[in-house]
Every structure is written in structure tokens, then in C-alpha cells.
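Undergrad: Quick one: the structure is below, questions incoming.
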Amino acid sequence: MEKKKIITRRKAIITGLTSLGGLLLAGCSKPLPPTYGNILRMGDNLTYIAQRALLPGQSLAKEYNYSDISSFPATGTTNPASFNEDYARLQKKAFADWVLPIEGSVSRPGSYSLADLQKFPSRTHITRHTCEEGWTAIGQWTGVPLSTILQSAGILPSARFINFYAYDTFIDSIDLLDAFHPQTILAYGMNGRNLPIAHGAPVRLRVENQIGYKSMKYLKRIVVTDEFLDPGDSGWAWYTGI
Amino acid sequence: MTHQTIDSEHAPHKRWVKTAHWIITLSFFALVFTGGEMTMVHPRFYWGEVGNDLTPALFELPVSRNYQHGGWEKSVPFSEAVNAPVSAARTYNIFNQNGWGRSLHFLAGWFLLVPGLIYFIAGIFTGHFRKHLWPKAKESSLRLLWNDVINHVRMQIPAATNGPHYGLLQKSSYVVVIFFLMPVIVMTGMTMSPAITAAYPFLLKIFFGAQSARTIHFFASSALVLFLIVHVVMVIKSGFKQQIRSMTVGK
């Protein structure tokens, strides 16, 4: 298991380095998100390549003490029940019927209920959430490492991206380096309690070394893909390590 | 305006200095513009690691509709403890153009960082810093510096020299910008990056936290804007046309 991770990390760094040259040649950067001919997206990719090439990939984000936990605004979607009937139905039964399907490049596709996720060894950490708006907040997150679930589903060697679908219609993805980062978890607990609805109940993603909006709330489905799945230009950077 | 002969003491600006100067100038404009946009999105500043609408601010700037908007649902405490941290859901549709603002800021940042590093290394190894920027031993006197300040306040500005032959106050201000403000603004910028601070946690230590870094970043950028204004006034006062010519096509 440990060996597999090392290869993934090394591969990601090599891919990053080779795409540094690839960026100069138009249409030659397969492992990178599309730029749509937009100079801002090219800059995002440059930052992505540079951070992947220059930063040690699996360093842990700073973890804080329990007494550091701060007040925490809930922004973006704060309750999908107001527009999503499926979510409203699940919420009414305290998410007992909620399941998280994992599909795509995995040898054992399947669905995980909240109880299934809670059976896996959990990880709890207290980290700083950095919102793109400029504010920060410290919270404690409890959940199952994404790597555990990906290995349980039998992620295939061809896999390159993990795509997330949410009940509030958001679609996003992360690369394998972040997916296998020890602090990247599927969180079902916040500050010692069940994850509140305003913060993404029943389960949200936590990606601690990117900006807050990569930590998707209200998870609905995970799809593992070999290629970058293009959701279209949202006008926002895909990689937000900065 | 005096016309000075070109000898070794009066060499013109080097081409690499001029190139770095103008690339960094353009990137600085883009950085200030997008930095202003980002300030408008969250015009509150804090000290330490944490700062958000539910925690007290050091100061707030009335620069957008987000200023003290008050669009929050009732706060819910995370526990029964006294003074427990709270959460509240935002109901207000904030001003937010950070999608392009952030990406343009970081793209422009590359055009500051890369030419800046080349300039820095070249400045050391060509002797540019030692010969032209660092005050000479005979200049290192507070009295001389004070006299130069007084002359500037009285708007007695020496005429353009067509090259890197600077007065004492001028040298001092360039030294502060190049060796203090620029490194501070780049490093505090990086201290706001979750990936960079994960790799280099010492950044959070030296700037007292992510929000302190943001606040220092704001003040350093304000100081740089102030420098730019004074710099342009001095360029105008010392002979605008001649200064621009010697900093661009002139020899």
C-alpha cells in the first residue's frame, strides 16, 4: 500500500515536470486541465505545475489545538433542501438513506452508506480553512481518509483524477497527489459533532492544502477517471494551492 | 536641466535594469488592481491565524457593498460551553469577482517573481547594487539623509542624470523597496497559500499567522503604492521627458 503511494507521488511529479515543457506547446498538456484559450487558466496551470514541481507533495497542513477552534461562517450553499428534493428527502430521515457511490476506474465499484464510512478507521484533525474571499477559520474535522475509500474500491493504476458531484449541483475534481494526501478526508464530523447541514452534511470533502472551495460540501457521487473530466470553464481556478 | 557628459561615472541605465523595471511596473499595476478587487470582497483585516465575519476585526474598510453587510442568519454555537465558537449561514449576496481577480493576481505575480529574482541575482553579481544603490561610506550619515529629506520637502529636486546616479534619499528609498518591501510582499503573499505553508510552516511563524500575513501584505502594498506616487512625482519634477527617455530607448 505504502509503495503504491510513493509511485503515485513520483509519477505526479514527473508528469508535472514534463508538462512544464508541454505547456509551451499548444494542445500538448494532457494531464493538465484545459485552458479554454484563457490566459488566466494558463497562469493557473503554471502555478499548478510549479507547485507540484517545487513543493514536497505530501507535507501536512499545520494542525492546531482544540482551544484554537474558531467561529466558522457557512457560505456558498448552506442548505440544498431549499432547491433539491432528493436532498430534502434524505435530510428528513437524518441521512439514513444517503449513500455515496464510487464509480469509474475502480475494480470494485459500489456505494457506501454513512454507517459504512464510519466503520473505517477515522482521522480527526484541527486545521485552518482558507476561503478564497480572504477569511480563515479553524475547525476540527473527523472522517475517513479518501485514500482508504479509494483503496477499498480498488482504484486502478490508470486512474489520474477523482471527480466529485454534490447535491448543490457542483462538480469538481482533484489529482491523485491531493486525493492520497493523508489529510484529505471524507468528513462526517465537525468540532466533535455530526457535520452540520450548513457545512455540508452528511459528508463533505476536506482538502487541507488547497483553498476552501476545493473542499466540496454535500457529496453525492465520486467518479474516478483516467482523463481530466472537463466540466467547462467556471471562471475559477481548478487548482488552488495558492 | 543640466546636460551631463557620459563618462564612466555617468553611465546610462543598463538594458537588463530597464527591462526588469518595466515588466515589474506592469505586473505591479495588475497586482494592485486585483489586490484592490480582493480587498473589496473581504474588506476586514485581522491579526493571527484566524479572521472572519464572526470574529472581531483589526479594522474594516468601507470599500464595497460587503462592508458590514450584516446578512447572516442567527448564530449557532458549536457546543454548550460558555463563549463557544459559533457558526452562522450567510444570506447576503456578496460582491465577489475573485474568480478572475485571484487568477490574474497570481499570473501577474509570476511576472514580479521571475524578473524580480533575475534582477536580484544580476544586481548582486554585476555590482549594480553595490555601485549604484547601496549608500557609500561617506554618505552614511543621518544628517546628510535629513538634509536630503528637507530638500525634497522643499521640492528642490536634482535634475535628471540619465543613469543610475542617485541621491541619498533616492538610494535609501530604493533599498527599502528592493530589500524590504518586495521580499515582504512576496513572502506574505505566499503565507496565504495553503500548499506553500504546508511545505514551509515557518512562514506562518515569522508573520504571526495567515491573517497577519494578509494584513502585512496590505500595508506593504500600500507602502509600495505610496512609493510609486512619490517616484512618479520625482520623475516629473526632475525632467519627465528626459527621465523616460533614459529609462527606455535613451543611451
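The values are calculated or read from the model by the stated rules, or taken from the named source; none is laboratory data. Small disclaimer: the values here were computed from a predicted structure and weren't measured. Positions of Cβ are backbone-derived with ideal geometry, glycine not excepted, and every protein chain shown enters the neighbour counts.
Undergrad: Looking at the stretch B:187-203 only, could you name the residues that are within 12 Å of another protein chain (Cβ to nearest Cβ) and either in a helix (DSSP H, G or I) or at pLDDT below 95 (or both)? Give the derivation first.
TA: At the first step, the residues of the stretch B:187-203 found to be within 12 Å of another protein chain (Cβ to nearest Cβ) are B:189-203.
B:Gly189, B:Met190, B:Thr191, B:Pro194, B:Ala195, B:Ile196, B:Thr197, B:Ala198, B:Ala199, B:Phe202, B:Leu203 - these are the residues of the stretch B:187-203 that are within 12 Å of another protein chain (Cβ to nearest Cβ) and either in a helix (DSSP H, G or I) or at pLDDT below 95 (or both).
Undergrad: Give the residues of the stretch A:182-199 that are surrounded by 22 or more Cβ atoms within 10 Å (Cβ to Cβ), in contact with a helix residue (DSSP H, G or I) (Cβ under 8 Å, 6 or more places away or on another chain) and facing chain B (nearest Cβ under 10 Å), sorted by residue number.
TA: A:Met190, the sole residue that qualifies.
Undergrad: Tell me the residue from B:Ile157, B:Ile178, B:Ile206, B:Ile185 that is aliphatic (A, V, I, L, M), surrounded by fewer than 20 Cβ atoms within 10 Å (Cβ to Cβ) and within 16 Å of the chain's Cα centre (by Cα), please.
TA: Details: B:Ile157 fails: within 16 Å of the chain's Cα centre (by Cα); B:Ile206 fails: within 16 Å of the chain's Cα centre (by Cα); B:Ile185 fails: surrounded by fewer than 20 Cβ atoms within 10 Å (Cβ to Cβ).
After ruling out the rest, the residue left standing is B:Ile178.
Undergrad: Restricting attention to the stretch B:105-116, does a residue exist that is facing chain A (nearest Cβ under 10 Å), surrounded by fewer than 19 Cβ atoms within 10 Å (Cβ to Cβ), in contact with a Leu (Cβ under 9 Å, 6 or more places away or on another chain) and under 29 Å from B:Ser221 (Cβ atoms)?
TA: yes
Undergrad: Kindly evaluate A:Thr142 against the criterion of being crowded, with 18+ Cβ neighbours inside 10 Å and out of contact with any Ser or Thr (no Cβ under 9 Å at 6 or more places or on another chain).
TA: On the way: crowded, with 18+ Cβ neighbours inside 10 Å: yes; out of contact with any Ser or Thr (no Cβ under 9 Å at 6 or more places or on another chain): no.
Taking the combined requirement at face value, the residue does not satisfy it.
Undergrad: Identify all residues within the stretch A:143-176 that are assigned to a strand (DSSP E or B) and more than 15 Å from the chain's Cα centre (by Cα); write none if there are none.
TA: Looking only at the stretch A:143-176, we keep the residues that are assigned to a strand (DSSP E or B), and these are A:143-145, A:155, A:161-166, A:171-175.
Matches in the stretch A:143-176: A:Ile155 only.
Undergrad: Okay, next question. Examine the stretch A:227-234 for a residue that is under 28 Å from A:Ala94 (Cα atoms) and surrounded by fewer than 20 Cβ atoms within 10 Å (Cβ to Cβ), and state whether such a residue exists. Working first, answer last.
TA: Let us first name the residues in the stretch A:227-234 that are under 28 Å from A:Ala94 (Cα atoms), namely none.
The answer is no; no qualifying residue exists.
Undergrad: For B:Gly99, indicate whether it is part of a helix (DSSP H, G or I), away from chain A (no Cβ under 14 Å) and not aliphatic (A, V, I, L, M). Give the steps one after another, and end with the answer.
TA: On the way: part of a helix (DSSP H, G or I): yes; away from chain A (no Cβ under 14 Å): no; not aliphatic (A, V, I, L, M): yes.
The answer is no for B:Gly99.
Undergrad: Of all residues in the stretch A:203-226, which are buried (at least 23 other Cβ atoms within 10 Å of the Cβ) and under 13 Å from A:Val99 (Cα atoms)?
TA: Residues satisfying the conditions are A:Val203, A:Tyr218, A:Lys220, A:Ile222.
The rows are residues; the columns are (1) in a loop (DSSP other than H, G, I, E, B); (2) within 18 Å of the chain's Cα centre (by Cα); (3) at the interface with chain A (Cβ under 8 Å from one of its Cβ atoms); (4) closer than 24 Å to B:Phe207 by Cβ.
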{"residue": "B:His13", "(1), (2), (3), (4)": "yes, no, no, no"}
{"residue": "B:Ile24", "(1), (2), (3), (4)": "no, yes, no, yes"}
{"residue": "B:Ala30", "(1), (2), (3), (4)": "no, yes, no, yes"}
{"residue": "B:Gly35", "(1), (2), (3), (4)": "no, yes, no, yes"}
{"residue": "B:Ala57", "(1), (2), (3), (4)": "yes, no, no, yes"}
{"residue": "B:Val63", "(1), (2), (3), (4)": "yes, no, no, yes"}
{"residue": "B:Gly70", "(1), (2), (3), (4)": "yes, no, no, no"}
{"residue": "B:Val82", "(1), (2), (3), (4)": "yes, no, no, no"}
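Undergrad: How many residues are within 14 Å of chain B (Cβ to nearest Cβ) and out of contact with any Ser or Thr (no Cβ under 9 Å at 6 or more places or on another chain) if we restrict to the stretch A:114-134? So that I can check it myself, show each step before the final result.
TA: Pass one, the stretch A:114-134, residues within 14 Å of chain B (Cβ to nearest Cβ): A:125-134.
Among the residues that remain, those that are also out of contact with any Ser or Thr (no Cβ under 9 Å at 6 or more places or on another chain) are: A:126-127.
The qualifying residues number 2.
Undergrad: Residue under question is A:Ala198, and the condition is that it be hydrophobic (A, V, I, L, M, F, W, C), under 15 Å from the mean Cα position of the chain (by Cα), assigned by TED's automatic domain parsing to the domain that holds A:Gln118 and not in a loop (DSSP other than H, G, I, E, B); does it hold?
TA: Numbers: hydrophobic (A, V, I, L, M, F, W, C): yes; under 15 Å from the mean Cα position of the chain (by Cα): no; assigned by TED's automatic domain parsing to the domain that holds A:Gln118: yes; not in a loop (DSSP other than H, G, I, E, B): yes.
When the stated conditions are applied, A:Ala198 does not pass them.
Undergrad: Output yes when any residue across the stretch B:214-225 is within 8 Å of another protein chain (Cβ to nearest Cβ), within 20 Å of A:Glu132 (Cβ to Cβ), aliphatic (A, V, I, L, M) and touching a residue at least 24 places away in the same chain (Cβ under 8 Å), and no when none is. Outline the logic, then answer.
TA: First, pick out the residues of the stretch B:214-225 that are within 8 Å of another protein chain (Cβ to nearest Cβ): B:214.
Then keep just the ones that are within 20 Å of A:Glu132 (Cβ to Cβ); that gives B:214.
From what's left, aliphatic (A, V, I, L, M): none.
So far as the stretch B:214-225 goes, no, none of its residues is within 8 Å of another protein chain (Cβ to nearest Cβ), within 20 Å of A:Glu132 (Cβ to Cβ), aliphatic (A, V, I, L, M) and touching a residue at least 24 places away in the same chain (Cβ under 8 Å).
Undergrad: Given the conditions (1) within 14 Å of another protein chain (Cβ to nearest Cβ); (2) touching a Lys or Arg at 6+ places or on another chain (Cβ under 7 Å), and given that B:Ala89 satisfies all but one, which numbered condition is not satisfied?
TA: (2)
Undergrad: Just a yes or no: is a residue in the stretch B:163-184 under 26 Å from B:Leu58 (Cα atoms), modelled with pLDDT of 95 or more, touching a Leu at 6+ places or on another chain (Cβ under 7 Å) and within 14 Å of chain A (Cβ to nearest Cβ)?
TA: No, because not a single residue in the stretch B:163-184 is under 26 Å from B:Leu58 (Cα atoms), modelled with pLDDT of 95 or more, touching a Leu at 6+ places or on another chain (Cβ under 7 Å) and within 14 Å of chain A (Cβ to nearest Cβ).
Undergrad: Which residues, taken from the stretch A:200-212, are within 10 Å of chain B (Cβ to nearest Cβ) and in contact (Cβ under 8 Å) with a residue 40 or more places away in the chain? Can you show your working first?
TA: Taking the stretch A:200-212 and keeping what is within 10 Å of chain B (Cβ to nearest Cβ), we get A:207-212.
A:Glu208, A:Asn209, A:Ile211, A:Gly212, listed by residue number.
Undergrad: Please pick out the residue among A:Ala137, A:Ala81 that is within 14 Å of chain B (Cβ to nearest Cβ) and in contact with a His (Cβ under 7 Å, 6 or more places away or on another chain).
TA: On the way: A:Ala81 fails: in contact with a His (Cβ under 7 Å, 6 or more places away or on another chain).
A:Ala137 is the lone residue from the list that is within 14 Å of chain B (Cβ to nearest Cβ) and in contact with a His (Cβ under 7 Å, 6 or more places away or on another chain).
Undergrad: Looking only at residues in the stretch A:215-238 that are at the interface with chain B (Cβ under 9 Å from one of its Cβ atoms) and in contact with a Leu (Cβ under 9 Å, 6 or more places away or on another chain), which one is farthest from A:Ala153 (Cα to Cα)?
TA: Going through the stretch A:215-238, the residues at the interface with chain B (Cβ under 9 Å from one of its Cβ atoms) turn out to be A:234-237.
Pick out the ones that are also in contact with a Leu (Cβ under 9 Å, 6 or more places away or on another chain) and you get A:235, A:237.
Values: A:Gly235: 32, A:Ala237: 29 Å.
Checked the stretch A:215-238; the qualifying residue farthest from A:Ala153 (Cα to Cα) is A:Gly235.
Undergrad: Taking B:Ala195 and the conditions (1) buried (at least 17 other Cβ atoms within 10 Å of the Cβ); (2) touching a residue at least 60 places away in the same chain (Cβ under 8 Å); (3) among the aliphatic types (A, V, I, L, M), which numbered condition does it fall short on, given that it satisfies the others?
TA: The one condition B:Ala195 does not meet is (2).
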